[in-house]
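One structure below.
Just so it is clear, none of the values below were taken in a lab; they were calculated from the coordinates. Computed from a prediction, not measured in an experiment: that's the story for all the values here. Using ideal geometry, Cβ is built from the backbone for each residue, glycine included, and neighbour counts are taken over all protein chains shown.
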Amino acid sequence: MSLTIRLFIISKGFHIDKSPCYGSVYLDAIGGGVLEYDVIIVGAGPAGSTTARLCAKKGLRTLLIEKDRFPRYKPCGGYLSPRVLRELDFDIGGVIESSISEMKLTFRLKDPFSIVSQDPIGYVVMRESFDHLLCRKAQDEGADLYEGRRVVGFQEDMEGVDVSIKGGESVRCRYLVGADGARSIVAQSLRGGVMRRAGVAFQGEGRLAGVKQRRWSFVHLDFGGVPYGYGWIFPKGSVVSTGIGVLFPSKGVNLKSRFERFIGCVDYIKGMNMERTCFYPLPVFSAEDLPVSKGRVLLVGDAANLIDPMTGEGISYTVRSGKMAGEAIVSAIKGDQKGISRYREALECTLFQDLTVALKLAKAVYRFPKLTYNVLKSNKNLGLLYLNILAGNAHYDAFSREMVEGIRRRLRGKSRPRLHYPWNLGKRRPTPFSSIGINGHDTEHGPSHFHSNDSKEVFSTKPRK
Ligand SMILES: Cc1cc2nc3c(=O)[nH]c(=O)nc-3n(C[C@H](O)[C@H](O)[C@H](O)COP(=O)(O)OP(=O)(O)OC[C@H]3O[C@@H](n4cnc5c(N)ncnc54)[C@H](O)[C@@H]3O)c2cc1C
């Protein structure tokens, strides 16, 4: 093929090369095919769009392929921990539906208490708008988007990867990223069809007139109603997201009927008509040594099983893995022979460490839910520490130590809270959560006394002099 024809093919449908440093790559057409893109990313969820944005920003020719068309629905509570905002270097204020300052906790809808913070402990978004924003940000940096195109397979050779799209089209790239979520076909192929262990969630969304005006600013988590999981109620502006998530599923649990019982018993959403109800897998992190890359293919987000086994939170891990995968591809294209293997190393030094502790902790905590609930209720430090984990200022190992200590004290009959800060934040910046309240409620009356407009008292947990 002549150079002129090759250049014509290269320029057709692609953006102008932003970075002269990678321009030469495109003249290295090999094996009769043209390396049309440096990187193709399957799936434009938060993982895919973050990877695409980083790659495009660094000057790589980047293509995002998404089977749906934006704005598309994704079953999700939509809760973003403050870590997510730290990871994203652009303003997402326009898509935030609710800002959260209180976490209400119940055990089988009884024995309520609240963790209240003066600083936001999270934000809730509609995934339609959040994911669309992230995708647009990737496009702004120069990534191309194929919408409504489903990837059905890929073929890797020495120099690149041919990606097949439903309908017969094929695109070629140097590196392929599987960001295609919980049911990832890229992960299945990479892992030789091995089934990944996953949790499961049943969720629904309802509307309640006037909710927006009431400025609903709490999330409600209920433990003990389902083995190895919890129920949630999150506000999303005028929409309320509810669900039951089971992180380690066991046989014989009818999630749908538990969900119906759960939402039927919470007085402030009783009678609400639930829409968009569905089951959806939760690919939680597991101790199995699953590959996250092989040859020229990398997995990010849910496709790489990065959901937190303690909380079911996935978005912050998704965004961080997308950035790490992008960095690895950039260094590989720059000539670093070990560029791609550095992706696993980066995950191991960061996310895997925390998720491994979270996994051990989750297995213990969900096995004895009542005991751990009582420990959490009686120990302000744990609540404060947990908020710091969500903010990215502390790690699970500190939480784990404090929880074990709390359980020991409880079993010895000493349930009085310890009012000091035993965890080591090392060189990390000081916690923004210096003040929270643990607000106990009337335990006699259960859910009927648990209203969204309960009075709150925020008090300092600073050590007593
Ligand atoms: C019910 C529920 C509630 C949750 N609540 C929360 C929460 O409140 N907070 C939180 O942090 N996490 C939550 N999670 C987890 C969170 O939703 C995921 O961790 C997150 O969406 C993962 O992002 P991702 O980009 O990896 O995958 P996804 O968001 O699933 O995106 C994958 C994309 O790939 C596309 N795709 C799939 N296959 C193909 C294909 N073959 N070709 C082309 N495109 C394809 C899909 O259409 C999709 O757009 C929840 C999960 C569930 C199920």
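Key figures
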| quantity | calculated |
| --- | --- |
| Estimated FRET transfer efficiency (ARG183, PHE368; beta-carbon r; R0 30 Å; 0.05) | 0.40 |
| ASP89 paired with ASP289, simple spin-label distance in nm, labels 7 Å along Cα-to-beta-carbon | 3.5 |
| Ordering of 156-163, 269-276, 177-184 by packing [mean C-beta count within 10 Å, highest first] | 177-184, 156-163, 269-276 |
| Restraint check, LYS74/LYS137; LYS58/LYS166; LYS74/LYS270; LYS104/LYS370; LYS74/LYS294, Cα-Cα greater than 26 Å | LYS58/LYS166; LYS74/LYS294 |
| Under the Karplus curve 6.51 cos²θ - 1.76 cosθ + 1.60, θ = phi - 60°, whole-Hz ³J(HN,Hα) for segment 271-288, x wherever Gly or Pro sits | x, 5, 7, 8, 10, 6, 6, 6, 8, 8, x, 10, x, 6, 4, 9, 6, 4 |
| Centroid-to-centroid separation of segment 254-281 and segment 61-104 [C-alpha atoms, Å] | 23 |
| Amide H contacts under 5 Å for LEU282, placed H, 5+ residues apart | GLY199, VAL200, ALA201 |
